Amino acid sequence: MASMRDIKRRRESIQSTQQITKAMKLVSTVKLQRAKMRAENAKPYFQKVYSAVESILSKSGNIEHPYLKDNGAKKKALIVITSNRGLAGGYNNNLVKMIADSDIDKEEAVIYGIGKKGIDGLTHRGYTVKVDESDVINEPLFSDAERIGKMVLDAYLAEEVSEIWLAYTNFKNTVVHIPTLMKLLPIDHEVGEADDVQDKEKSRPEAPMNFEPEPEEALELLIPKYMNSTIYGAFIEAVASENGARMQAMDAATSNAEEMIATLSLAYNRARQGAITQELTEIISGAEALN
């Protein structure tokens, strides 16, 4: 049985840890409120951008454009958005595991990493990290999304990669965060035609998509904006998901600390009572021996 001193020392250590987890929970809660509002306000816009581009291409026929064709490259660009800090439950590991279990082979993947935890996890699994933009996720700006979007588009046009993918955590609500892997280029607009909404509209006559001035020139402007907007939307949702996951993890850690403190307090009181009983027994035995 542990001594009273050991039990007391361990209880004080857990109490100190509990104070830290409480503080981190409060900080994450405040950050989550701000990030949640941004994510909920921005999500409809970014979803519409994606669906609009998909719809445009589905009605445009066979347009020859460098952004839409398979250039034959063997590599695939993968933009991975995680966090720079841990203590967020399975937030980072779930995303790394999703990528490892996907159909993208590690020999083909070229990682554009945003977040140290994801970069470390993928490097450990043998993935090639080409770009480290970890500082971006601390305070993501649209200009950061533009810079990263330009990097991957330049690699695509230079035929260094044949596909561009985006891996991030979709913020559904405070407690539900879904690891998501989506293909950005080339857009497979045939998949969009199979959606339930479009299935209902198949019987309706569709007007052809008209471009002004030319399809190639319009797509030259539209695709980069679509890429940048989607990446920035992923930044916002990833920040909200990270703070939500950290808040849950710190809340669970605080509750576990309370249970451990209660258990140790009971053990300490039992040990103290046992020590008092032993001292009384020794005093009575000594007094009887003197008589």
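Values quoted throughout were computed directly from the atomic coordinates according to the rules given, and no laboratory measurement underlies them. Remember, predicted model here, so these are calculated numbers, not experimental data. Every residue, glycine among them, receives a Cβ derived from its backbone with ideal geometry; neighbour counts consider all protein chains shown.
For the reader, a short list of remarks on this structure follows.
- In sequence order, calculated HN-Hα J values of the range 4-19 (Karplus, 6.51, -1.76, 1.60; Hz; x Gly/Pro): 4, 5, 5, 5, 5, 5, 5, 5, 5, 5, 5, 5, 5, 5, 4, 4
- The chain, relative contact order in percent, only Cα pairs under 8 angstrom and at least six apart counted: 32
- Among 179, 72, 263 the positive-end extreme of the charge dipole of the chain (Cβ point charges): 263
- For residue 255, net neighbour charge (Lys/Arg +1, Asp/Glu -1) across residues whose Cβ lies under 12 Å away: -1
- Under-5 Å amide H pairs with residue 184, H placed in peptide plane, nonlocal only: 164, 165, 166
- Point-charge dipole on Cβ atoms (K/R +1, D/E -1) for the range 1-74, about Cα centre, debye to 20: 700
- Tilt relative to the chain, helix 91-100 - C-alpha long axis, 0 to 90 degrees, to 10: 50
- When the alpha carbon gyration tensor of the range 1-119 is reduced to an equivalent ellipsoid, the three semi-axes, largest first, read 46, 22, 9 Å.
- Charge tally in the Cβ shell below 14 Å around residue 140, where Lys, Arg are +1 and Asp, Glu are -1, residue 140 excluded: -3
- Stretching the chain fully between residue 269 and residue 157 yields a gain of 33.2 nm (0.36 nm per residue, less the alpha carbon separation).
- Nearest-20 debye value, the chain charge dipole, Cβ charges on Lys, Arg, Asp, Glu: 1680
- GNM on the chain, alpha-carbon springs under 10 angstrom: the most fluctuating residue among 151, 227, 250 is 151.
- Formal net charge of residues neighbouring residue 88 (Cβ-Cβ distance under 15 Å; K, R +1; D, E -1): +3
- Cross-link partners of residue 8 among lysines (Cα-Cα below 27 Å; sequence separation of 8 or more within a chain): 22, 25
- Axis of helix 142-157 versus longest Cα principal axis of the chain: the two differ by about 60°, to the nearest ten degrees.
- A straight Cα-to-Cα reach below 28 Å connects residue 106 with the lysines 69, 74, 75, 76, 97, 116, 117, 130, 150, 183, residues fewer than 8 places away in its own chain not being considered.
- Selection among 145, 123, 3 by position relative to the dipole of the chain gives 3 as farthest towards the positive end (Cβ unit charges, Cα centre).
- Over the chain, DSSP H runs of length four or greater, each weighted -39,500 (n - 2.57), average out per residue to a 222 nm ellipticity of -21500 deg cm²/dmol.
- Rounded to the nearest whole Hz, the Karplus-based 3J(HN,Hα) values (6.51 cos²θ - 1.76 cosθ + 1.60, θ = phi - 60°) of the range 230-244 follow the sequence 5, 5, 5, x, 5, 4, 4, 5, 5, 5, 5, 5, 4, 5, x, with x at glycine and proline.
- Only Lys, Arg, Asp and Glu carry charge here, each on its Cβ (+1 for the first two, -1 for the last two); on that basis the range 112-171 has a dipole of about 240 debye about its Cα centre.
- Using the alpha-carbon positions of the chain, Rg (one decimal) and Dmax (whole number) come out as 28.3, 116 Å.
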